[in-house]
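Colleague: Please read through the structure below; I'll follow up with questions.
The values are calculated or read from the model by the stated rules, or taken from the named source; none is laboratory data. A quick note: this is a predicted structure, and the numbers were derived from the prediction, not measured. When we count neighbours, we look across all protein chains shown, and the Cβ atoms used for this are built from the backbone with ideal geometry, even at glycine.
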Amino acid sequence: MPSGIDRRHPDACPGAVELHQAADGGLARIRVPGGTLSAAQWDVVRLAALELGSGSIELTSRANLQIRGLTSGIELGARLRACGLLPSDTHERIRNIIAAPLEDNQALVDALDAALCADPSLAALPGRFLVTVGASVSGLGGDIGLVDDALLLAGTDTGIRVSDPVDAVVTAARLFASMRGTAWRLSEVDGGVRKITEHFGTSDAPRITPAVTPVAPSAVTPGVPLGRLDAAQLPGVALRLTPWRSLVVPAGTDTSGLITDPSSPWHGVSACTGRPGCAKSLSDVRADVHRWLGEPEMSDPFGTIGVGTRSPQGALQSESIPSRRVPVHWSGCSRRCGRPAGDVIEFVATGDGYEEFR
């Protein structure tokens, strides 16, 4: 494991039944491998958020869902089991499979999910374990990735080519489990990628360059402002979640309140929960983002935007950022929860304002 990383304690990723106790109540994270939800499943999640939680649903950077303000995970778990969203109590935290949302790959995702859940030895993998499927999400740093017949390891194409992708992913996951010690990610295991590569062998095929290709907002791929939906929205709609906190919905869906214009100032902006939901946060991050986007001189999302240290009163003292085409993420503390993968401009609360990272 790289020096400086202490993984002696288990990761604290919440599950759908084992809740994380946040400042605003219990937090459940519902894994949705591949991001696909039938209309009936989506309605189960919506009603659970309305009846058991705070009434909102959060989209994560791994295309999963979160419900906040819960008092218990028991009733939520029962509802999720009944609609097929919780097929395994033992493996539910490792069911992290991000799929390219505009590709026809859900059948492969379902086969991968079933095979991973069927292996008892994989139940102890950490909740940070991640599988990616498809070229447009290959750069999201999965422990194991598939792009056609290429098997990627720790986000890198080492030359492995496979004829049975499901068996290859399960085999690689078993090898990671056998050598990981206290590591949470394959990239943290010294020699881990090399050992798995030696097991499979490599080919002379041209190497794939991992990439992240976000879905642009449109009427059928709307973005969700700051990744938080009112649970009353989109009743009876089948949808697919993306790792960019957006959705793929049927044509003609009512997308009121969502981002459908690529030039919207909300496009590409994300934030952690912040106060009052998180006790560790040093600021009400979401309120600060609202004020930031509401400044008249910042209405042009693609122009020169002055953002830098913000005082608690909202005054700006800044250097200019050349372009806001680069995603912007706001965090309430140095943990930087919810940070998207890739090139991101970050603003991290310090207690006296925000520190900028590029």
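Colleague: Looking for whichever is over 19 Å from Arg185 (Cβ atoms), aliphatic (A, V, I, L, M), more than 20 Å from the chain's Cα centre (by Cα) and outside the structural domain of Gly342 (by TED's automatic domain parsing) here; the options are Ala100, Ala78. Which one fits?
Modeller: Only one candidate qualifies: Ala78.
Colleague: In the range 227-259, what residues are β-branched (Val, Ile, Thr), more than 20 Å from Gln66 (Cβ to Cβ) and surrounded by fewer than 19 Cβ atoms within 10 Å (Cβ to Cβ)?
Modeller: Thr253
Colleague: Sticking with this structure for a sec: Report whether or not Ala124 is more than 16 Å from the chain's Cα centre (by Cα), outside any loop (DSSP other than H, G, I, E, B) and surrounded by fewer than 23 Cβ atoms within 10 Å (Cβ to Cβ).
Modeller: The answer is no for Ala124.
Colleague: What's the total number of residues in the range 67-84 that are of a type outside the set (A, V, I, L, M) and crowded, with 23+ Cβ neighbours inside 10 Å?
Modeller: The total comes to 1.
Colleague: May I pose another question? Based on this model, can you work out whether Arg275 counts as over 18 Å from the mean Cα position of the chain (by Cα), over 30 Å from Gly34 (Cβ atoms) and modelled with pLDDT of 90 or more?
Modeller: Considered against the rule, which asks whether it is over 18 Å from the mean Cα position of the chain (by Cα), over 30 Å from Gly34 (Cβ atoms) and modelled with pLDDT of 90 or more, Arg275 comes out as yes.
Colleague: Name, by its number, the condition in (1) touching a Pro at 6+ places or on another chain (Cβ under 6 Å); (2) of a type in the set (A, V, I, L, M); (3) under 19 Å from Arg240 (Cβ atoms) that does not hold for Leu27.
Modeller: (3)
Colleague: Considering the range 212-224 alone, what residues qualify as being crowded, with 22+ Cβ neighbours inside 10 Å and either not hydrophobic (A, V, I, L, M, F, W, C) or not in a loop (DSSP other than H, G, I, E, B) (or both)?
Modeller: Hits for the range 212-224 are Pro217, Thr221, Pro222, Gly223.
Colleague: Scan the range 43-67 residue by residue and report those that are over 10 Å from the mean Cα position of the chain (by Cα) and basic (Lys, Arg).
Modeller: Arg46
Colleague: Can you confirm whether the range 180-199 contains a residue that is touching a Gly at 6+ places or on another chain (Cβ under 7 Å) and surrounded by fewer than 20 Cβ atoms within 10 Å (Cβ to Cβ)?
Modeller: There is no residue in the range 180-199 that is touching a Gly at 6+ places or on another chain (Cβ under 7 Å) and surrounded by fewer than 20 Cβ atoms within 10 Å (Cβ to Cβ).
Colleague: If a residue must be modelled with pLDDT under 90 and touching a Cys at 6+ places or on another chain (Cβ under 7 Å), how many such residues does the range 317-339 contain?
Modeller: Final tally of qualifying residues: 2.
Colleague: Now, a different point. Being part of a loop (DSSP other than H, G, I, E, B) and either under 15 Å from Gly35 (Cα atoms) or among the acidic types (Asp, Glu) (or both): is that true of Asp104 here?
Modeller: Considered against the rule, which asks whether it is part of a loop (DSSP other than H, G, I, E, B) and either under 15 Å from Gly35 (Cα atoms) or among the acidic types (Asp, Glu) (or both), Asp104 comes out as yes.
Colleague: Now for a different question. Taking only pairs six or more apart or across chains, which ones have beta-carbon atoms under 7 Å, a first residue in the range 143-159 that is within 17 Å of Ala173 (Cβ to Cβ) and acidic (Asp, Glu), and a second residue that is outside any strand (DSSP E or B) and modelled with pLDDT of 95 or more?
Modeller: Hits for this filter: Asp143/Phe129; Asp143/Leu130; Asp143/Ala154; Asp143/Phe176; Asp143/Arg185; Asp143/Leu186.
Colleague: Next up: Please find, within the range 127-165, the residue that is nearest to Ser61 (Cα to Cα) out of those that are among the charged types (D, E, K, R) and assigned to a strand (DSSP E or B).
Modeller: Across the range 127-165, the extreme among qualifying residues is Asp157.
Colleague: Which one of these does Pro206 not meet: (1) part of a loop (DSSP other than H, G, I, E, B); (2) touching a helix residue (DSSP H, G or I) at 6+ places or on another chain (Cβ under 8 Å); (3) more than 19 Å from Ser61 (Cα to Cα)?
Modeller: So Pro206 meets the others, but not (2).
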